[in-house]
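For reference, the structure discussed in these notes is given below.
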Amino acid sequence: MTATSSIEPTEAPARRTPWLSGVAMFLAVMTPLLAYLAPLGFAPLLALAGLLALPGLRLTRAAAPPLLILVVLALWAAVSMSWSPETIDVSKLKDYGDIESLTALKLFLQLATYGAAVVALRGLSDAGARRAAAVLAYGMAALAAVAALDSLTGAAVYQKLHLATGQAIRPDLAMVKVSLSTYVLALLFWPAALILSRLSRPGLIWLLAAGIVVTSVICSSDACLLALAAGGLVWLLVYGFGQTAAKVLIGLVAAPFVLAPLAVLVGVQTGVVAWLHRLVPASWDARLNIWTFAADHVQIHPFRGWGLDASRTFGPAIPLHTHNAQLQLWLELGAIGAALAGVFFCWLAYGVVRLSRESRTEAAMAAAALVAYLVIGGLSFGVWQEWWLGLGALTLIACGLARAVDEPQWIALDELAPVS
């Protein structure tokens, strides 16, 4: 045997993706800044990230099914404009502001750009992903601390920063702006917590959680508190029971997309909704009225819906949107739209099942982040809001970055224990 033949084969050099690493680092740096200063900026941020990531985009077989589902959903939404009361006369579109009002067009642009960002950054090198993940996690911890302190002072810092731009802002509006950061924190808590755990920074995890709770309580961000609680419960179940809990999660994700209108109507018929009216505060009382109205009108066009953006046409009964993603989908796009959206989110939930075979910790993180997005979407924002869809894409990216961070060395010590 020659000397060269006895040499062990060397490992292949680590793959380098400097351009994608730069895009990921840009996202990680900008996320806490936008979350505090201008949350609506997540729409252009994710669009820009998608455009920048195009040179590194490599479509894979795994990415095809969810993208295809979203393409079909966007096509159905565009078709529904033909009967929507919010239909816009294309001949009257004259400037950017008019074009910007075309929700159907924006859906395709967002799918192209946000989708490019998510898919391309899945091809990020491990080293680049680890660096971006660390910056993102530390940034989230810093954001949580700043948001909590600012909320305790009545948004004094935010008001001073706004004043520095030459425009004053009312204290109550400043508090509303600060409260928006809690939605970003609630979504990214789970990937950030996993990253900090693997970086052996448990104290920062507690800081992150405390910051979210304090800011949410002071700013009355009830949906964030519910999302954090629901995410925590799902995390415990998936971490504790693995695939079994992950499979149950698929059904739990599907149920609201199937049953939302029926559940509200049953609640009205049985008196549960009337009972809740007597218990809940004004903001939730308004939601109950909106949900009842939306569920009742779903019955008129249950299959095709009223058309994209129809929620905007019902006057005071529905201010802009239904404050519930599933009901809005049923109302505007009917059973077809609700089913397509439900299939997409069930596909994500099925990804948790697959992931649980490799790592319960990572599966629990993904499950909790998914539930957090659905809970907040089911209580607060319109389905088609660009920044909210951008945050969904960012959450997927953050979960991918978290998975690239190595487990702490001490976790592997059990392998050194003597076998009895």
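Basic side chains Lys and Arg get +1 at the Cβ, acidic Asp and Glu get -1 at the Cβ, and with that the dipole of region 146-263 about its Cα centre reaches some 240 debye. Taking 7 Å steps out from each Cα toward its Cβ at ARG304 and ALA210 produces label points 5.7 nm apart. Taking the longest Cα principal axis of the chain as reference, the axis of helix 360-377 is set at about 20 degrees.
Sort region 103-232 into rounded, prolate or oblate with this rule: let a ≥ b ≥ c be the square roots of the eigenvalues of the Cα gyration tensor; rounded if a/c is under 1.5, and if a/c is not under 1.5, prolate when a/b is larger than b/c, oblate otherwise. Verdict is oblate for region 103-232. For the chain, the relative contact order is 24 percent, taking Cα pairs closer than 8 Å that sit 6 or more residues apart in sequence and dividing their mean separation by the residue count. In a DSSP loop and with at most 14 other Cβ atoms within 10 Å, the trypsin sites (Lys or Arg not before Pro) in region 246-306 are ARG278.
Cα centroids of region 114-152 and region 208-258: 20 Å apart. When peptides 381-393, 290-302 are sorted by average Cβ neighbour count within 10 Å, with the highest value leading, the order is 381-393, 290-302.
Going by the alpha-carbon gyration tensor, a ≥ b ≥ c the square roots of its eigenvalues, is region 18-408 rounded (a/c under 1.5) or, if a/c is not under 1.5, prolate (a/b greater than b/c) versus oblate? Rounded is the answer for region 18-408, as its axis ratio a/c remains below 1.5. Compared with the dominant Cα axis of the chain, that is its longest principal axis, helix 42-53 is turned about 40°.
Once both axes come from the Cα atoms, what is the angle between helix 386-404 and the longest principal axis of the chain, in degrees from 0 to 90, rounded to 10? Between helix and principal axis, roughly 20 degrees.
Taking the helices alone, the chain has a mean residue ellipticity at 222 nm of -24000 deg cm²/dmol, built from -39,500 (n - 2.57) per DSSP H run of at least 4 residues and averaged over all its residues.
How would you classify region 257-337 from its alpha-carbon gyration tensor, with a ≥ b ≥ c the square roots of the eigenvalues: rounded for a/c under 1.5, else prolate if a/b is greater than b/c, otherwise oblate? In terms of gyration-tensor shape, oblate. For the pair ARG170 and LEU259, the difference between a 0.36 nm per residue extended length and the Cα-Cα distance amounts to 27.9 nm. Potential lengthening of the chain between ARG58 and GLN269 amounts to 70.8 nm, from the contour at 0.36 nm per residue minus the alpha-carbon distance. Relative to the Cα centre, the charge distribution of the chain, modelled as +1 at Lys and Arg Cβ and -1 at Asp and Glu Cβ, gives a dipole magnitude of about 240 debye. The calculated FRET efficiency for the pair LEU276 and ALA38, based on their C-beta separation and a Förster distance of 51 Å, comes to about 0.90. Number of Lys-Lys pairs in the chain with C-alpha atoms under 28 Å apart and a separation of 8 or more places or on different chains: 4. Residues within the reach of a label modelled at LEU67 (point 7 angstrom out along Cα to beta-carbon, backbone nitrogen below 18 Å), restricted to region 20-37, are 20. Each of ALA64, LEU288, ALA168 was scored by the projection of its Cα onto the charge dipole of region 18-408, and the greatest displacement toward the positive side belongs to ALA64; charges sit on the C-beta of Lys, Arg, Asp and Glu. A simple packing score, the average count of other Cβ atoms within 10 Å per residue, orders the peptides 232-245, 156-169 as 232-245, 156-169, with the highest score first.
Only one residue of ALA398, LEU265, GLY22 has its Cα farthest out toward the positive end of the dipole of the chain, where Lys and Arg carry +1 and Asp and Glu -1 on Cβ, and that residue is GLY22.
Among SER179, SER356, SER101, the residue with the largest mean-square fluctuation in a Gaussian network model of the chain, with springs joining Cα atoms closer than 10 Å, is SER101. Extending 7 Å from the Cα toward the beta-carbon at both TRP347 and VAL248 defines two label points whose distance is 2.7 nm.
Read the figures in this text as sums done on the coordinates, not as results from a lab. Here the structure is a predicted model, which is why all the values come from computation and not from measurement. In this analysis, Cβ positions are derived from the backbone assuming ideal geometry, glycine residues included, and neighbour counts consider all displayed protein chains.
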